[in-house]
Structures are given as structure tokens and as C-alpha cells.
Amino acid sequence: PERGAPLLRVRKIRKTFGGLVAVDDISFSLSAGDIVGLIGPNGAGKSTTFNLVSGVLPLSGGEVELAQQRVDGRPSRDIARAGLSRTFQHVKLVPDMTVLENVALGCYGRTRCGTLAAMLGLDRAEERQARAEAMRQLKRVGLGEQAQALAGNLALGPQRLVEIARALASDPALLLLDEPAAGLRHQEKVALADVLRQLKAEGLSLLLVEHDMDFVMKLTDRIVVMEFGRWLMEGTPAEVQASPAVRAAYLGA
Ligand code: ADP
Ligand code: MG
């Protein structure tokens, strides 16, 4: 999609777990080329929103449009094929596989770079193609040198970058990152922010859940704030920072 074109439109999405309304009529949109932040206190419904948008959980209500196509109700695999990829709040790498193999897993299921046959080593040509694609994505996040290391031996910062490379291997237009900076050291956060800025410069769009306010404020074009499952406000980083409602939500005042 062309920069500035509507890429993601979320309309009144809703999720209930029994009596709990985890996501309560949330609406927002994201234009191609933007980095949008989704923030709010713990339990606000941010991860659930990601699960709804990416098709990991079924909606209780509302609509999701990706590149002007309805994707709500479709399985997450289809939504991934339509151009949306994501990482999870907790690292989900296979520790006993190499970094390259972990990234190659992101290729499978996508027609361009692989099938189950390739994954099982039955189709050498496809396997080679998946490895080449994985290497390309690893270089994109600055980890080309670590391709043969075991994923479990990397520090947390590089592990997060491997997850991002794996998400990129399905060739998304939109990448959803759930707390990518959590638990990272300062230098690792700086490296992560540099990678995300570079991806944006290459035309990728990002939706980012993150607790580190400094990280969010410096990186995003717009921010959506949630509290208790509800939409609290949306604005530029400066507008959000200046909002008394946002301060009250965070300080519990
Ligand atoms: P956040 O990511 O903003 O911290 P979550 O989306 O993880 O918040 O959770 C929002 C609310 O929904 C919380 O009260 C959480 O306990 C609840 N919740 C999340 N997932 C489930 C689930 N699978 N079953 C029941 N309750 C859930
Ligand atoms: Mg969460």
C-alpha cells in the first residue's frame, strides 16, 4: 500500500471473557508508513486487541479491515497472508534451533518461500529458498553474524530482534509488536529503536504495544490510549503526554 493509504481500520471491536469486557468498543486506524503506539495500564486490553486484530482470538463484536478488505472472522493464517504479522508478549523462539532456523520458521505457510515439505527437508530447493529469505531478514535487523548461534544462547535484546526477523519473513505490510522493549537493557532498546526506524523508512507500518514511555514517545507518529478495555484518547505523542486523563490513568489519580 502507498504511504498514507488506509492500512488498518478497527471499528468497535469487542471481546468478552465470561463477564469480563476485556476490549470494549475500541476503534482506531493506521495509515501505511505510520508507527502507531497502543498504550495503557496493565490489564487495559492491549494484548487482547492484538489477538483480535491478528485473528488469534475470535471477536465478540466489531470489524477489522486490512488494506480495505474485511479480515474479521478469518483465521490468523489468512490474515498473515493478507499482510499482517506479529510478535507475542513473551519470547517464543525455539531455544535449541539456530537463529537462522527460527527465522526460517516464519517463512513456512507463505507460498513465496516455503511449505511443510520444505520444513521437513523433503524439498531441498524450497528449503534453500527459505534459508536465503531468513538470512535476508536477519541482516535487516542487524543479526547476520549470529545466524548459526543457538537462539537460546542469545541475550534477550538479540532474541527480540530474531522474533522480529521471523515476523518479517512472511513479508508483512503491517507488523504488530507486543512489548518489544520489555526487560531490555538501555543499549538493547537503542538498537531496537534503530531497527524499527529503519523498517519504517523501508515502508513498513508498525503497531506497537509498549510500557516504556520514553521509547513510545520517541518512535511513534500517533498513540492510542486504553484503560479498562476502553478507548481513553488518541493523539500525537506530545498530545498524549500533556493529557491529564492519561496521567490519571497511569497514576491511578
Ligand atoms: P494488557 O495487554 O493491556 O495488559 P490483556 O489484553 O492481556 O491486557 O488483558 C485484558 C484483560 O483481559 C485482563 O483483565 C486479563 O486478565 C483478561 N484476559 C486476557 N486474556 C484472557 C483470557 N484468555 N481469558 C480470560 N481473561 C483474559
Ligand atoms: Mg499485554
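The values are calculated or read from the model by the stated rules, or taken from the named source; none is laboratory data. Everything numeric in this text was worked out from a predicted model, so none of it was measured. Glycine gets a Cβ as well: all are built from the backbone with ideal geometry, and neighbour counts include every protein chain shown.
In segment 35-49, the residues that are assigned to a loop (DSSP other than H, G, I, E, B) reach residues that are within 10 Å of ligand 2 (Cβ to nearest atom) with C-beta atoms within less than 8 angstrom, at least six apart or across chains, in these pairs: Gly40/Lys46. Name the residues in segment 53-105 that are under 19 Å from Phe17 (Cα atoms), touching a helix residue (DSSP H, G or I) at 6+ places or on another chain (Cβ under 6 Å) and of a type in the set (A, V, I, L, M), would you? Once the filter is applied, which keeps residues that are under 19 Å from Phe17 (Cα atoms), touching a helix residue (DSSP H, G or I) at 6+ places or on another chain (Cβ under 6 Å) and of a type in the set (A, V, I, L, M), segment 53-105 yields Val56, Leu57, Leu59. Scanning segment 15-51 for residues that are of a type in the set (Asp, Glu) and under 15 Å from the mean Cα position of the chain (by Cα) yields one hit, Asp34. In this structure, Leu177 does satisfy being of a type outside the set (Phe, Trp, Tyr), within 16 Å of ligand 1 (Cβ to nearest atom) and either more than 19 Å from Leu84 (Cβ to Cβ) or touching a residue at least 24 places away in the same chain (Cβ under 8 Å) (or both).
Condition first: of a type in the set (Gly, Ala, Ser), surrounded by 19 or more Cβ atoms within 10 Å (Cβ to Cβ) and closer than 22 Å to Ser85 by Cβ. Now tell me which residues in segment 5-46 satisfy that.
Answer for segment 5-46, where residues must be of a type in the set (Gly, Ala, Ser), surrounded by 19 or more Cβ atoms within 10 Å (Cβ to Cβ) and closer than 22 Å to Ser85 by Cβ: Gly33, Gly37, Gly45.
Residues checked against (1) under 23 Å from Ala182 (Cα atoms); (2) crowded, with 22+ Cβ neighbours inside 10 Å; (3) at pLDDT 95 or above; (4) assigned by TED's automatic domain parsing to the domain that holds Val195:
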residue	(1), (2), (3), (4)
Val99	yes, yes, yes, no
Ala104	no, yes, no, no
Gly109	no, no, no, no
Leu116	no, no, no, no
Met119	no, no, no, no
Arg124	no, no, no, no
Arg131	no, no, no, no
Gln146	yes, no, yes, no
Ile164	yes, yes, yes, no
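Sub-8 Å Cβ pairs linking a first residue in segment 223-234 that is in the same structural domain as Phe17 (by TED's automatic domain parsing) and in a strand (DSSP E or B) to a second residue that is within 14 Å of ligand 2 (Cβ to nearest atom) and hydroxyl-bearing (Ser, Thr, Tyr), at least 6 apart or interchain, are Met226/Thr49, ordered by first then second residue. Can you tell me which residue within segment 60-73, out of those that are surrounded by fewer than 16 Cβ atoms within 10 Å (Cβ to Cβ) and without any contact (Cβ under 8 Å) to a residue 40 or more places away in the chain, is nearest to Leu204 (Cα to Cα)? Residue satisfying both the conditions and the ranking: Gln69.
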